[in-house]
Amino acid sequence: MAVRVHPPCLRFASSLVNSSKSQGVATPIHGGVGGGVSTARFMSSAPSPYTTLSARVSCEREIKKSKFIAIATRISDDRSAQSFLSEFRDPRATHNCWAYKLGDQYRSNDDGEPSGTAGKPIYSAIESSGLDRVMVVVIRHFGGIKLGTGGLVRAYGGVASECLKGAATCLVKPKARIGMEVPFELLGAVYHQLQHFQAEDIKQDYETGNDGTTMVTFKVEYGNIVALEDAINSTCSRKIHFYKQTLA
């Protein structure tokens, strides 16, 4: 017996879609009975765990009288990258060069240095580190001695690598925000499974417009979604539709 999907659920799902678009994350894929989300299709594009910086880190080097200051941080999207750049850009410096990596997406900027001598080697340092969702800004105060293109590549790439080398890191397992409409009599069984699968930020909304039901929302690791859905459906002896949104 399938749990009927009512307009409040559809509005909730729509809010997830709108939120995911504004955050630049994956949009839920709708399909199946009653407009529910198809787990198999949704999971096929699930983001993989990644390693990133645990905290902001910096280092400084002097090369032929030029001072290079590298600052690296974890970022979540282009907006946070631009915010970081605005915070640490030094208007007194000769150059503020940078690069960042967000999964398969990346950007870099030479900020007036010869093309390919600053932003690209900074990005190469990030790529070589194995880290993701990371931005490195390298600030240069010119010391009066020109380094040449090769010297610039070595300087920017070297200080970026040094900044990231040995930095504290952490493994991030992407999560999804889940929503489902649950009959009151099944709340106990549902909460038991949510706790078992280490769901976080569990909330309830009784304004569903349907007597005897509540909207339960929570966050859970992608690796646990299929097992959690199976466990809830098995425990409740019925099909409950999940609405999902990717979280960075």
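For this structure, a couple of remarks:
- Candidate set from region 192-208 (those that are under 11 Å from GLU181 (Cα atoms) and assigned to a loop (DSSP other than H, G, I, E, B)); member that is modelled with the lowest pLDDT: THR208
- Any hit, region 35-54, residues being under 23 Å from GLY157 (Cα atoms) and either modelled with pLDDT under 90 or open to solvent by 60 Å² or more (accessible area, probe 1.4 Å) (or both): yes
- Members of region 85-130 that are without any contact (Cβ under 8 Å) to a residue 60 or more places away in the chain, part of a loop (DSSP other than H, G, I, E, B) and not acidic (Asp, Glu): ARG89, PRO91, ARG92, ALA93, THR94, GLY103, GLY112, PRO114, SER115, GLY116, THR117, ALA118
- Residue check for VAL226: in contact (Cβ under 8 Å) with a residue 60 or more places away in the chain, among the β-branched types (Val, Ile, Thr), over 20 Å from ARG133 (Cβ atoms) and surrounded by fewer than 18 Cβ atoms within 10 Å (Cβ to Cβ): yes
- Tally, over region 102-140, of residues that are within 22 Å of VAL172 (Cα to Cα) and acidic (Asp, Glu): 3
- The single condition from (1) open to solvent by less than 50 Å² (accessible area, probe 1.4 Å); (2) in contact with a helix residue (DSSP H, G or I) (Cβ under 6 Å, 6 or more places away or on another chain); (3) polar (S, T, N, Q) that SER80 fails is (2).
- Under the condition of being among the small types (Gly, Ala, Ser) and without any contact (Cβ under 8 Å) to a residue 60 or more places away in the chain, the residues counted in region 172-215 number 4.
The values are calculated or read from the model by the stated rules, or taken from the named source; none is laboratory data. These numbers were taken from a predicted model, which means no experiment stands behind them. Please note: Cβ atoms are built from the backbone with ideal geometry, for glycine as well, and neighbour counts cover all protein chains shown. Areas reflect the complete protein model, heavy atoms only, side chains present, ligands, DNA and RNA absent. Shrake-Rupley method; radii C 1.70, N 1.55, O 1.52, S 1.80 Å.
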